[in-house]
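Data block below; observations after.
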Amino acid sequence: MDEEHDFKTFFAERLKARGYTLRKLSEISGIALDHLENLAEGRYDELPPAPYLRGYLERIGELLAFDPNPWWEQLKQGSAAQRPGPTDALPVNRFAPRPVTRYVWAAVVIAIVIGYLVVRLPKILGRPDLAVTAPAAATVTVSEPAFTLQGHLGNGDRVFVNGEPVTVASDGSWHYQLPLEPHLNTVTVSAKKFLGGETSITRQIIYEPPTATSTGQAPASPVPATTSTPGR
């Protein structure tokens, strides 16, 4: 046998000793299957340039437990290894596992961001939760010249009563002392948030000042008219 056939025979023996097929060796070595087939069949003129072929021998030697250097010298002296060209590129092994870790982490990060936005976006951009508990009804009638508005704010930043800012407590509660004009008073309570919308509630408070009768005082008696007697 010539030297090239010696490596072909040796390669087949080492594969058999390890219990590897060419496809299995391709998967664990990262070397393309067609290059291993060319080595196994002695088709050295179809192999990639020398730097790649030497790297293949070193990788195969690690997996099949042999020293690749004597075989590299033999193949090189036998002109089995091509010289590298200016456009040579590392052959791609279609069976080698692809590095997917960074893509998996990118997908995880994207999923977390999307999940956060789905949960938090309505809170960030939504409308405030405003409640007016006093007066609870849309229209009320009172007999006092002032009324204390009360309510609660959730998912908001500020409360206004007829455009006047109202202090909101840490628990979201608020109150506002509103002076009333006689008869109908229309009150607009609004809540705003920085990145969201606005919520408004309107109440009508009718102020009817008490009359003298309603306060328990007797009406004043009319003063009789003064008459004069003729001739006196």
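The values are calculated or read from the model by the stated rules, or taken from the named source; none is laboratory data. All of these numbers come straight from a predicted model, not from anything done at the bench. Backbone-built Cβ (ideal geometry, glycine too); neighbour counts: all protein chains shown.
A few comments on the model shown:
- With respect to the conditions (1) modelled with pLDDT of 85 or more; (2) within 13 Å of W71 (Cα to Cα); (3) over 54 Å from the mean Cα position of the chain (by Cα), A12 lacks only one, and its number is (2).
- Residue check for A131: surrounded by 11 or more Cβ atoms within 10 Å (Cβ to Cβ), of a type outside the set (K, R) and more than 36 Å from the chain's Cα centre (by Cα): no
For every residue, the table says whether it meets (1) in a strand (DSSP E or B); (2) at pLDDT below 90.
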site: G115; (1), (2): no, yes
site: V118; (1), (2): no, yes
site: I124; (1), (2): no, yes
site: R127; (1), (2): no, yes
site: T133; (1), (2): yes, no
site: A137; (1), (2): no, no
site: Q150; (1), (2): yes, no
site: L153; (1), (2): yes, yes
site: F160; (1), (2): yes, no
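- Considering only residues in the range 38-94 that are among the hydroxyl-bearing types (S, T, Y) and modelled with pLDDT under 85, the one that is nearest to R14 (Cα to Cα) turns out to be Y44.
- Of the residues making up the range 60-71, those that are part of a helix (DSSP H, G or I) and surrounded by fewer than 16 Cβ atoms within 10 Å (Cβ to Cβ) are E62, N69, P70.
- Per the listing R23, R54, the residue uniquely touching a Phe, Trp or Tyr at 6+ places or on another chain (Cβ under 6 Å), in a helix (DSSP H, G or I) and surrounded by fewer than 19 Cβ atoms within 10 Å (Cβ to Cβ) is R54.
- Of the residues making up the range 184-203, just one is in contact with a helix residue (DSSP H, G or I) (Cβ under 6 Å, 6 or more places away or on another chain) and surrounded by 17 or more Cβ atoms within 10 Å (Cβ to Cβ), namely G196.
Per-residue answers, yes or no, for (1) surrounded by 16 or more Cβ atoms within 10 Å (Cβ to Cβ); (2) closer than 14 Å to I201 by Cα; (3) touching a residue at least 24 places away in the same chain (Cβ under 8 Å); (4) in contact with a Lys or Arg (Cβ under 6 Å, 6 or more places away or on another chain):
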| position | (1), (2), (3), (4) |
| --- | --- |
| P135 | yes, yes, yes, yes |
| T139 | no, yes, yes, no |
| E144 | no, no, yes, no |
| F147 | yes, no, yes, no |
| E164 | no, no, no, no |
| P182 | no, no, yes, no |
